[in-house]
Structure formats: C-alpha cells, structure tokens
Amino acid sequence: MPVAIDIQPAIEADIPVILQFIRALAEYEKLAHAVEATPEKLRATLFGPRPYAEILIARASAEPVGYAIFFHTYSTFLAKPGIYLEDVFVLPAHRGRGVGKALLSAVAKIARDRNCGRLEWAVLDWNKSAIDFYERLGANMLDEWKIYRMIEPAISKLAET
C-alpha cells in the first residue's frame, strides 16, 4: 500500500542514518565485510569542502525508510553531464510501498533539471527483484558493457608507474 513519502537532501545530522542504510544495504548484498565507512569518513566526503556525492533520504511519517546516493559523471559522446546512482535502498519493511520508485523519480527529476544525458547504475546479477523493478520503470540493461574496478593496492601501484 503506497504511503506519503517525503524525500529531502541529506544534511550532516543524517550521517548516523546514512551509515545505518549503508550497513543494511551491504548486509543485503552479502558484502558487510567490505564496509569501511565511518561517520568521520562520511562527514569528510559528503559534507566537507568538496562533497563527492549527494544523498536523498526518504521518510515516511518522519521515519527514515530509504536513501539514494548519486554523483555526476560526464558523457563525451553526448557532451553532457550524467548521474550515476551508487545506491538506492529501502528498508525491507517498507518495500512495495512506492519508496524505491519515489527515490528513483527524485533522482530522475534532478537529472532532468540539470540537463543530464544519462542516469545509470549497476545491479547485482542475482538481484532479480531489483532487475524486474528497474525494467518496469523503463531502464535497459547494457549487456555489451562490463564494469571494471580497481581498488588499493592496485590503484597505488598504477599511480606509481
């Protein structure tokens, strides 16, 4: 059953909630061991002098129930900015009530208002419910592209060459 959802940009006071959402998402994705986020790191990277991403918090009856974190990319082919959606997460008890769609709609509005040419994200291949949800919204999976990732110490090794 849909509920009234209020979606607002996160503020620094939301850091504990953001961290709870990050940990809950990591648990869901079976990646809890990979979480290195701390309140201090989130404060520095999201609310410091150079914020690297933006966050929207969804609330139902003033209770935080989900979030979306995104940042700008750039398409040389389109000569336009884009938005990459890093996370979209809704607490399990609030799924199926329109929260996820409201979060994605809010990010899409930002993309439209900023004249972005693309809104992109990744999904784990086993997350069938998310894949079905995204496709119902009109998203297309890009089968021909593979995502590469480099983490430490490989980043430092490459930086030193």
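The values are calculated or read from the model by the stated rules, or taken from the named source; none is laboratory data. As the structure is a prediction and not an experimental result, all values here were calculated from the model. Note that we place each Cβ from the backbone using ideal geometry, even for glycine, and neighbour counts take in every protein chain shown.
Structure data summary
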| item | result |
| --- | --- |
| The one condition in (1) of a type outside the set (S, T, Y); (2) touching a strand residue (DSSP E or B) at 6+ places or on another chain (Cβ under 9 Å); (3) under 17 Å from D6 (Cβ atoms) that L85 fails to fulfil | (3) |
| Flag for R59 being more than 22 Å from A102 (Cβ to Cβ), modelled with pLDDT of 95 or more, in contact with an Asp or Glu (Cβ under 8 Å, 6 or more places away or on another chain) and not in a loop (DSSP other than H, G, I, E, B) | no |
| From G96, G100, residue being touching a Gly at 6+ places or on another chain (Cβ under 8 Å) and without any contact (Cβ under 8 Å) to a residue 60 or more places away in the chain | G100 |
| Qualifying residue in the range 45-54 (condition: among the acidic types (D, E), under 24 Å from V123 (Cα atoms) and surrounded by 14 or more Cβ atoms within 10 Å (Cβ to Cβ)) | yes |
| Test: S61 is in contact (Cβ under 8 Å) with a residue 24 or more places away in the chain and among the polar types (S, T, N, Q) | yes |
| Options Y52, Y74; residue that is part of a strand (DSSP E or B) and of a type outside the set (V, I, T) | Y74 |
| Exclusive hit being of a type outside the set (S, T, Y) and touching a residue at least 24 places away in the same chain (Cβ under 8 Å), set K80, K128 | K80 |
| Meets criteria (in contact with a helix residue (DSSP H, G or I) (Cβ under 7 Å, 6 or more places away or on another chain), surrounded by 13 or more Cβ atoms within 10 Å (Cβ to Cβ) and part of a helix (DSSP H, G or I)) for L19 | yes |
| From the options I55, I110, residue that is under 11 Å from the mean Cα position of the chain (by Cα) and not acidic (D, E) | I55 |
| Some residue of the range 143-153 being aromatic (F, W, Y) and part of a loop (DSSP other than H, G, I, E, B) | yes |
| Extreme residue, nearest to A26 (Cα to Cα), among residues of the range 100-136 that are polar (S, T, N, Q) and not in a helix (DSSP H, G or I) | N127 |
| Hits in the range 13-48 - residues which are within 15 Å of I69 (Cβ to Cβ) and of a type in the set (K, R) | R23, K41, R43 |
| Count - residues of the range 21-46 that are more than 16 Å from the chain's Cα centre (by Cα), closer than 22 Å to P9 by Cβ and of a type outside the set (V, I, T) | 5 |
| Lone qualifier among A34, A26 - being surrounded by 14 or more Cβ atoms within 10 Å (Cβ to Cβ), out of contact with any Lys or Arg (no Cβ under 7 Å at 6 or more places or on another chain) and modelled with pLDDT of 95 or more | A26 |
| Residue identified as at pLDDT 95 or above, small (G, A, S) and buried (at least 17 other Cβ atoms within 10 Å of the Cβ) among A79, A111 | A111 |
